[in-house]
1. Which one of these is among the aliphatic types (A, V, I, L, M), closer than 20 Å to Leu290 by Cα and crowded, with 19+ Cβ neighbours inside 10 Å: Met453, Met433?
2. Please determine, by comparing only the residues of the stretch 99-132 that are more than 24 Å from His13 (Cα to Cα) and among the charged types (D, E, K, R), which one is farthest from the chain's Cα centre (by Cα).
3. Name the residues in the stretch 84-106 that are more than 21 Å from Thr346 (Cβ to Cβ) and surrounded by fewer than 22 Cβ atoms within 10 Å (Cβ to Cβ), would you?
4. Do the conditions hold for Val355, that is, is it in contact with a Phe, Trp or Tyr (Cβ under 7 Å, 6 or more places away or on another chain) and within 23 Å of Ile179 (Cβ to Cβ)?
5. If you check Lys192, Lys218, which single one turns out to be crowded, with 21+ Cβ neighbours inside 10 Å, among the basic types (Lys, Arg), within 26 Å of Thr106 (Cβ to Cβ) and out of contact with any Asp or Glu (no Cβ under 7 Å at 6 or more places or on another chain)?
6. Taking the condition of being of a type in the set (Asp, Glu) and buried (at least 18 other Cβ atoms within 10 Å of the Cβ), how many residues in the stretch 353-377 meet it?
7. Can you tell me which condition Glu38 does not meet? The list is (1) farther than 26 Å from Ser240 by Cα; (2) over 22 Å from the mean Cα position of the chain (by Cα), and all the others hold.
8. Among the candidates Asp222, Asp234, single out the residue that is modelled with pLDDT of 95 or more, over 22 Å from Glu413 (Cα atoms) and assigned to a loop (DSSP other than H, G, I, E, B).
Amino acid sequence: MDYLYGLTLLEAHDALRRGEASAVELAKSCLERIDRVEPRVGAFVTVTGELALEQARRVDEHGLVVEGSPLAGIPVQIKDVMCTEGVRTTCSSRMLEGFVPPYSATAVERLYERGAVLVGKGNMDEFAMGSSTENSAFHPTRNPWDTERTPGGSSGGGAAAVAAGECIYALGSDTGGSIRQPAALCGIVALKPTYGLVSRYGLIAFASSLDQIGPMTKDVSDAALVLKAIAGHDFRDSTSLNVEIPDYARSLTGEVKGLRVGLPREYFGDGTEPGVKEAVSTAAALLEGLGVEVEETSLPHTGYALACYHIIAPSECSANLARYDGVKFGLSMGEGRDIWGAMEMTRGEGFGPEVKRRIMLGAYALSSGYYDAYYLKAQRVRTLIRRELDDAFRRFDALVTPTSPTVAFRLGERSHDPLSMYQSDICTIPANMAGIPAISVPCGFSEGLPVGMQIMGPALSEPTLIRLGYAYEQVAGWHRRRAEV
């Protein structure tokens, strides 16, 4: 049963349903795969082997697969920014190195209710701040396509684990592109939902107006199944949308004729590598061949999204991370002369360089005399970006862009150049700023490394994005390529 780890979620479900494999055998296949490749990939902070086998046995004993949940018995990795009851949740930070939450995030609960099997917690950039998973306090994660390169970030552990076959699918969080960018760099699918569609309860906050949980999978069909499971209103999250959740699997028709797609020229500029431009342009031409109406367009204000993000996100993170004071939970350095000294020592030891940088940037932007000049102005420009995208969606059903302007870069290549690192998210940030959904789908290779195509749509247009992504991948077939680790 060694091959089981390479199955998609739907294939694994079919194998369990037909009795060709048990949930325990599927879990063992992924755990054995973790044992083999994890020393080279580093996708996990915590591996939960015993828990996974216990959950898998429960699925087999109670016949949960037969009851119809497609997620029952399927191994999943959860990004280490989501609370998991009884399993440590570190945010890849020394600040929370020993933290074991007493409850699970709503998205995790919903997976458990459907019989999911947790094989471990995914490595990430500390507190989700980064684009390469090199900011983890524990170890970097490596790209399964080339272990000398980054898998992207901050959900690099999830992307690498799915691409390497260490789990069947993963849950990540996306604040500025953190599931889509690593998905593109690792050759898998990731879907960032509309803001509020998936509950943020139990998601340890980075930037509360931007954060969103989403699936990372081997193909679009699997993303549709996972999104259906985790989406829906939650009274514990005040930003949760109270809307009817459709059956996203019904969008897996392959029929896209007549849909209108825009290609914003700003996303194909000088900062985008030629190989990436070529792959995405070829993908757009393939969509056109399927009957999609493709037209070039312009989104001039989205060019300001990156600068606005790096004012708004640090401002929100400086407020959210103020709770880590060494008193209530997490790391505590009590050697200070007084409470302020202890707090200073705790934060000095507990936070890494990138987290400290963003806290300081945010505190500065919110400080007296600078609030209007920076934070308030950034929010006004954010409104312009959102309105510009709204206008575009009056003409188009979706927009197609590169997910990342480059393929996976080498480990350490941008570590000492924060501005260069921040450019990695230039294509993905606008969707977070506007709160709209976006999906990344593999669309080819450049220099032997995966390229991702991003499809963005208006709020709650997930069915359309899934429809387009599925139709494309069924013809293009790039999602069937697997990394050889």
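1. One residue alone meets the criteria, Met453.
2. Glu126
3. Glu85, Gly86, Val87, Pro102, Tyr103
4. When the stated conditions are applied, Val355 passes them.
5. Lys218
6. The total comes to 1.
7. (2)
8. Asp234
The values are calculated or read from the model by the stated rules, or taken from the named source; none is laboratory data. Everything numeric here is computed off the predicted structure, so don't read it as measured data. Note that each Cβ is placed from the backbone with ideal geometry, even for glycine, and that neighbours are counted across all protein chains shown.
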